[in-house]
Amino acid sequence: MAKDTLIIITGGTIDAEAYPDPKHPPKNATMLDKSLIPITVAGMKGGERCDCLEWKSRDSKDFLTADIRELAKIIRSSQAKNIIITHGTDAMPHHARQLESMLLKRDVHMLDDAFAKAYSGAEAVRGKRVVFTGAMMPLANGKESDGYKNLEYIFTHMDSWQPGVRAVMHERSYKPEGLRKNMDTYVFEGTVIPDAPARGRA
């Protein structure tokens, strides 16, 4: 099967060391030395269509605008039609909005290479589905991690989605605009994108 999906690994709780007491998560997660995303995805239905890029390994709050610009360039240059970004949840809503803006508009500060300047942002991302996802509990905690369900949800529904940027948490798709993480309940709040019935791949 041709690989049409690129997973860009950026760190976050999903790729952190296991929580000793999941009911009382630490304030700051400790990143694993080696990501669990590749081996996790390889064991899932749909994993055979994926390549993984271990790009960063850090708390989402530590990403700068320059990092998101670099991420946009990676997406623009990729031949994959599906981009999954595993990311920390605290700053995920903000970074999803930043990336959406950079991909769909001409950002002269970002478009500093000759190829990108030749095309509008919409043309550069045309046909690509860009999905942020993460977890409230690390994959290292085993199957109780919500990261597994979020990834499985993406693989189940991705082919029915329209191109564009979205975030997937709690096995739901959210629009970046207006999305927030409730820091008291650890629940994402925003506009849910309804799913069409899942389609199988021919």
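Of the residues making up region 23-57, those that are of a type in the set (Lys, Arg) and crowded, with 16+ Cβ neighbours inside 10 Å number 2.
Residues in region 134-167 that are hydrophobic (A, V, I, L, M, F, W, C) and out of contact with any Gly (no Cβ under 6 Å at 6 or more places or on another chain): 136, 137, 140, 151, 154, 158, 161, 165, 167. Of the residues making up region 1-33, those that are charged (D, E, K, R) and either on the phi > 0 side of the Ramachandran plot or over 18 Å from the mean Cα position of the chain (by Cα) (or both) are 17, 21, 23, 27, 33. Assessment of region 61-70 against the conditions (more than 17 Å from the chain's Cα centre (by Cα) and closer than 21 Å to residue 101 by Cα) yields at least one matching residue. Give all pairs with beta carbons closer than 8 Å in which a residue from region 59-72 that is closer than 18 Å to residue 35 by Cβ meets a residue that is at pLDDT 95 or above and surrounded by fewer than 16 Cβ atoms within 10 Å (Cβ to Cβ); count only pairs at least 6 apart in sequence or on separate chains. Qualifying pairs under 8 Å: none.
So that you can scan it fast, the table gives a plain yes or no per residue for (1) modelled with pLDDT under 95; (2) in a helix (DSSP H, G or I); (3) aromatic (Phe, Trp, Tyr):
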| residue | (1), (2), (3) |
| --- | --- |
| 67 | no, yes, no |
| 79 | yes, no, no |
| 90 | no, no, no |
| 93 | no, yes, no |
| 98 | no, yes, no |
| 110 | yes, no, no |
| 123 | yes, yes, no |
| 130 | no, no, no |
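Against the test of being basic (Lys, Arg) and modelled with pLDDT of 95 or more, the options 34, 23 yield a single qualifying residue, 34.
For region 143-180, the set of residues classified as closer than 23 Å to residue 37 by Cα, of a type in the set (D, E, K, R) and in contact with a helix residue (DSSP H, G or I) (Cβ under 6 Å, 6 or more places away or on another chain) consists of 171 only. Taking (1) touching a helix residue (DSSP H, G or I) at 6+ places or on another chain (Cβ under 8 Å); (2) farther than 21 Å from residue 138 by Cα in turn, residue 80 satisfies each apart from (1).
Entry remark, region 132-153: residues being in a helix (DSSP H, G or I), within 14 Å of residue 172 (Cα to Cα) and either polar (S, T, N, Q) or touching a Ser or Thr at 6+ places or on another chain (Cβ under 6 Å) (or both) number 1 in total. Give region 7-56 a look and list any residue that's within 27 Å of residue 76 (Cβ to Cβ), of a type outside the set (S, T, N, Q) and in a helix (DSSP H, G or I), or say none. If the condition is that a residue be within 27 Å of residue 76 (Cβ to Cβ), of a type outside the set (S, T, N, Q) and in a helix (DSSP H, G or I), then 14, 15, 37, 38, 41, 42, 47, 48, 49 are the ones that fit. The set of residues in region 1-18 being crowded, with 19+ Cβ neighbours inside 10 Å and either more than 22 Å from residue 85 (Cα to Cα) or touching a Cys at 6+ places or on another chain (Cβ under 7 Å) (or both) consists of 5, 7, 9.
The values are calculated or read from the model by the stated rules, or taken from the named source; none is laboratory data. Please read all numbers here as calculations on a predicted model, not as lab measurements. Using ideal geometry, Cβ is built from the backbone for each residue, glycine included, and neighbour counts are taken over all protein chains shown.
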